[in-house]
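Chemist: Dumping the structure here so I can ask a few things about it.
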Amino acid sequence: MNIENNIKTIKQSLPTHCRLIVVSKTQSEGKILEAYQAGQRDFGENKVQELIQKYETLPNDIQWHMIGHLQSNKVKFIAPFVSLIHGVDSLKLLQEIHKQGQKINRIIPCLLQAHIADEETKFGFSEEDIIQLIRSTELQSLSNIKINGLMGMATLTENAEKIRSEFKGLKTLFEKIKIMTLPPHVEMKELSMGMTSDYKIAAQEGSTLIRVGTAIFGERNYQH
Ligand SMILES: *Cc1c(COP(=O)(O)O)cnc(C)c1O
């Protein structure tokens, strides 16, 4: 795989409102540096320990995105440096992110994960839950978080029209929330949707952040 070329090709295909996050989970520091040398600065990881290790050893102008499921008891480890937490899927997690942000006097940017796929296993809020959460008084007091938008994962299927309709649904929810009266620390500006198999559809449907690994590095090897 030519990492630099792959990044270039993907970037050229994206509309201007859409940014590439290179998903570097399981990838060596050498490979991440290849992407870095091609000008890439946004990287996504899904495991806290791996994220910390890479944060500590790789250049400090990298923006690290936590894209995986995050457990409350691990928030404290990434709170000081994480650039955006994509998969926030409970009020409890938001409260913990707020608490850790408060301790270090940092406002931590988050995205709420919406459940848009058919699969039971995918985490996330329902549409109604998200709207209820945004309107709730509990949220008002969480001054050390900033909700910057939504994140979602489509069903793993070959059916492009199904994927498209799930992304369309998420975009509609995003636009619906945008015109609501929102608390000062909620703003709908980022819509994180699309990975290797479906980022082209996601970009067409209004994604502002795509999270792509395999199309850049090739198939992942989980053996280490
Ligand atoms: C691994 C992962 C990706 C990237 O997947 P690819 O198919 O390799 O592009 C995107 N989003 C999340 C949440 C992931 O865990």
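Chemist: Against the definition (of a type outside the set (Val, Ile, Thr), closer than 27 Å to Ala203 by Cβ and in a loop (DSSP other than H, G, I, E, B)), how does Gln113 come out, yes or no?
Modeler: no
Chemist: Now for a separate question. Scan the range 161-184 for residues that are buried (at least 19 other Cβ atoms within 10 Å of the Cβ) and either more than 30 Å from His98 (Cβ to Cβ) or at pLDDT below 95 (or both) and jot them down.
Modeler: Selection gives Ile163 alone.
Chemist: A further question on this structure: So, of the residues in the range 117-143 that are more than 16 Å from the ligand (Cβ to nearest atom) and buried (at least 19 other Cβ atoms within 10 Å of the Cβ), which turns out to be nearest to Gly101 (Cα to Cα)?
Modeler: Leu142
Chemist: Could you tell me whether Ser13 is in contact with a strand residue (DSSP E or B) (Cβ under 8 Å, 6 or more places away or on another chain), within 16 Å of the ligand (Cβ to nearest atom) and modelled with pLDDT of 95 or more?
Modeler: The answer is no for Ser13.
Chemist: Continuing with the same structure: Hey, does the range 145-159 have a residue that's within 18 Å of the chain's Cα centre (by Cα) and in contact (Cβ under 8 Å) with a residue 60 or more places away in the chain?
Modeler: For the range 145-159, residues within 18 Å of the chain's Cα centre (by Cα) and in contact (Cβ under 8 Å) with a residue 60 or more places away in the chain: present.
Chemist: I'd like to know if the range 185-194 contains one or more residues that are of a type in the set (Ser, Thr, Tyr), in a loop (DSSP other than H, G, I, E, B) and either more than 18 Å from Leu84 (Cβ to Cβ) or touching a residue at least 24 places away in the same chain (Cβ under 8 Å) (or both).
Modeler: No, the range 185-194 contains no residue that is of a type in the set (Ser, Thr, Tyr), in a loop (DSSP other than H, G, I, E, B) and either more than 18 Å from Leu84 (Cβ to Cβ) or touching a residue at least 24 places away in the same chain (Cβ under 8 Å) (or both).
Chemist: Something else about it: Return the only residue of Ile7, Ile32, Ile67, Ile3 being under 22 Å from Gly149 (Cα atoms) and among the β-branched types (Val, Ile, Thr).
Modeler: It is Ile67.
Chemist: Collect the residues in the range 193-208 that are on the phi < 0 side of the Ramachandran plot, within 15 Å of the ligand (Cβ to nearest atom) and in contact with a helix residue (DSSP H, G or I) (Cβ under 9 Å, 6 or more places away or on another chain), keeping them in residue-number order.
Modeler: Met193, Met195, Thr196, Ser197, Asp198, Tyr199, Lys200, Ile201, Ala202, Ala203, Ser207
The values are calculated or read from the model by the stated rules, or taken from the named source; none is laboratory data. What you are looking at is a predicted structure, and each value in this text was computed from that prediction instead of being measured. All Cβ positions, glycine included, derive from the backbone under ideal geometry; neighbour counts span all protein chains shown.
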